[in-house]
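For reference, the structure is listed below as C-alpha cells.
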Amino acid sequence: MKAAVVTFPGSNCDRDLAVAFAAAGFEVQRVWHKDNALPDGVDVVGVPGGFSFGDYLRCGAIAAQSPISAAIRSHADRGGYVLGICNGFQVLTEMGLLPGVLMRNAGLRFVCRTVTLRVATAQSDFTSAYARGQEIRIPVAHHDGNYTIDAEGLARLRGEDRIAFTYAENPNGSMGDIAGVLSENRRVLGMMPHPERATEPALGSADGRGLFASLMRGMALA
Amino acid sequence: MKARVTVMLKSGVLDPQGEAIRHALGSLGFAGVTGVRQGKVIELDLAETDPAQAETAVRAMCERLLANTVIESYRVELV
C-alpha cells in the first residue's frame, strides 16, 4: 500500500506522519505543495499538521488553493483515501472535502496536551481496529480546533454515523465534542488530534497506531 | 481602482475573540459596550477600471478565497 505525505511551507508534522505510515507497513512518498500530481498508485494521501502558509487569512485557506490540493481533490473524487490531521483537517474543510469549519478555540488559548478521545464509530477504514466507544489517548496541539457546523449539517453527520472521534472532555468548544469527521463515502477523515504522535509507548501513548493499522487492513480488503 | 473587502462572522456565529475584546474593554472601565464583533479588512489594488467588472471579480475572489462563506459574510466597496 502506498501513502503520500504532503508538505506545505509551514507544515511541521509531515515527517512524523510519514514515519507513522511507514511503521504500519506503507510505502511512503513525500510530495511538495507545488507538485501538480500525486505519485502513481497512491492509495492514501496524508495532509499533515503544522501552520501552512503561516495560518495567513484563515488556517488552511491558502494551502487549499495549492497545486497539490487539486490533485488531492481528484484523488478523493476517484474514491481515494485522504487523512487530514490538525492543520490538514483545516485544509480539507477549506477545500470543501469535509463539511464545517474549525474556528478559534472557545477558550482562545492554544491547547497542547494529551486528551482522551472516544471512538464514535468503528465503521470506517480509519477506525475499524478500534471498538465503538473505546477510549484512546491522543495529543492535541491547536489554536483553531473549535469544530463548527450548522444544525442541519450536524444532524446529517450524526444520522450518517460520520463522527469518527469525540473528546471525552472538550478542550476547544467544538460542537458535539467533535474531534474528527468522515466524508460521505467514509474515505476522507479529518481530525484535530495527532494519532501520528501516539505511535510509540515511549512517546506517552501508542493508541494512534490503531488508525494506521485500520487503514492498512481496510485497504488490503478493499 | 481600489476595492475594500470587509469580512465578518455571520450573525449567530459565536465570536470568541470579539467576546474577549468586550471583556477587556469592560475591565478598562469602558461601560456600556454590549457587543463586539471582530472581522477583517482586505484592500485590493486592481488594474480593472470598470466598476461593474471590478465588483464582479472581487466577489468571485471573496467566494473562492477571501471569505469562508460557511461562517463568514463579506462586503465589497470600490474606493
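The values are calculated or read from the model by the stated rules, or taken from the named source; none is laboratory data. For clarity, every value in this text was computed on a predicted model and none was experimentally measured. Don't worry about glycine lacking a Cβ; one is built from the backbone with ideal geometry, like all the others, and counts go over all protein chains shown. Keep in mind that these areas ignore ligands, DNA and RNA; they rest on the heavy atoms of the full protein, side chains included. Shrake-Rupley method; radii C 1.70, N 1.55, O 1.52, S 1.80 Å.
Numerical summary
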{"read-out": "Qualifying positions in region A:97-116 - more than 14 Å from chain B (Cβ to nearest Cβ) and open to solvent by 50 Å² or more (accessible area, probe 1.4 Å)", "value": "A:CYS112, A:ARG113, A:THR114"}
{"read-out": "Residue satisfying condition, being out of contact with any Gly (no Cβ under 6 Å at 6 or more places or on another chain), at pLDDT 95 or above and either open to solvent by 10 Å² or more (accessible area, probe 1.4 Å) or within 14 Å of chain B (Cβ to nearest Cβ) (or both), within set A:GLU160, A:GLU94", "value": "A:GLU160"}
{"read-out": "Scan of region A:163-189 for residues that are within 14 Å of chain B (Cβ to nearest Cβ) and under 13 Å from the mean Cα position of the chain (by Cα), ordered by number", "value": "A:VAL181"}
{"read-out": "Verdict on A:VAL82 being within 22 Å of B:LEU65 (Cβ to Cβ), away from chain B (no Cβ under 14 Å) and in contact (Cβ under 8 Å) with a residue 60 or more places away in the chain", "value": "yes"}
{"read-out": "Test: residue in region A:43-58 that is surrounded by fewer than 17 Cβ atoms within 10 Å (Cβ to Cβ), more than 14 Å from the chain's Cα centre (by Cα), closer than 21 Å to A:HIS142 by Cβ and not polar (S, T, N, Q)", "value": "yes"}
{"read-out": "Breaking point among (1) within 27 Å of B:LYS10 (Cα to Cα); (2) assigned to a helix (DSSP H, G or I); (3) of a type outside the set (A, V, I, L, M, F, W, C), for A:HIS75", "value": "(1)"}
{"read-out": "Unique residue being out of contact with any helix residue (DSSP H, G or I) (no Cβ under 9 Å at 6 or more places or on another chain), buried (at least 22 other Cβ atoms within 10 Å of the Cβ) and under 27 Å from B:ARG64 (Cβ atoms) when the list is A:ILE68, A:ILE62, A:ILE72", "value": "A:ILE68"}
{"read-out": "Enumeration of residues in region A:14-42 that are open to solvent by 80 Å² or more (accessible area, probe 1.4 Å) and over 15 Å from A:GLU200 (Cβ atoms)", "value": "A:GLU27, A:ARG30, A:TRP32, A:LYS34, A:ASN36, A:ASP40"}
{"read-out": "A:PRO171 vs. criteria out of contact with any helix residue (DSSP H, G or I) (no Cβ under 8 Å at 6 or more places or on another chain) and surrounded by 18 or more Cβ atoms within 10 Å (Cβ to Cβ)", "value": "yes"}
{"read-out": "Criterion: open to solvent by 50 Å² or more (accessible area, probe 1.4 Å), of a type in the set (Gly, Ala, Ser) and either modelled with pLDDT of 95 or more or closer than 24 Å to A:PHE110 by Cα (or both) - qualifying residue of B:SER11, B:SER27", "value": "B:SER27"}
{"read-out": "Test: residue in region A:32-42 that is touching a Leu at 6+ places or on another chain (Cβ under 8 Å) and either closer than 30 Å to B:PRO16 by Cβ or more than 14 Å from chain B (Cβ to nearest Cβ) (or both)", "value": "no"}
